[in-house]
Amino acid sequence: MVLEATPDVMADQGFTPAETNVVLLLLEGLSNREIASRLVVSIRTVESHISNTLEKSGCRSRLELSMWWLKNRDESTDRHSVKLPVLPA
């Protein structure tokens, strides 16, 4: 499954580019450690970005943040593909 990500939605919410990158990787189902490795930053930096995005979006969990993004994405703007992991049946 491929989702269309719109960083404009996140920018409108006040997310920084770094926070947006973390959320996009979160949408791929990556752990904090995997996100940190992919972005070449510390796990603590990833945790901070996730905490900031949770606060800015009003969400209380990573799952709620993902659902918030899916609900609020703007389908009329430019998009970037994000692959979601395939879950076992």
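The values are calculated or read from the model by the stated rules, or taken from the named source; none is laboratory data. Just so it is clear, the model here is predicted, and its values are computed rather than measured. Glycine also receives a Cβ, built like all others from the backbone with ideal geometry; neighbour counts cover every protein chain displayed.
Taking segment 42-64 as the range and being surrounded by 13 or more Cβ atoms within 10 Å (Cβ to Cβ), over 14 Å from G14 (Cβ atoms) and aliphatic (A, V, I, L, M) as the test, the residues that pass are I43, V46, I50. Residue-level analysis places L25 outside the set of residues that are buried (at least 17 other Cβ atoms within 10 Å of the Cβ), modelled with pLDDT of 90 or more and assigned to a loop (DSSP other than H, G, I, E, B). Number of residues in segment 28-55 that are charged (D, E, K, R) and modelled with pLDDT under 95 equals 2. For T53, the conditions (1) of a type in the set (V, I, T); (2) in contact with a Leu (Cβ under 9 Å, 6 or more places away or on another chain); (3) free of Cβ contacts under 8 Å to residues at least 40 places away in the same chain are fulfilled apart from (3).
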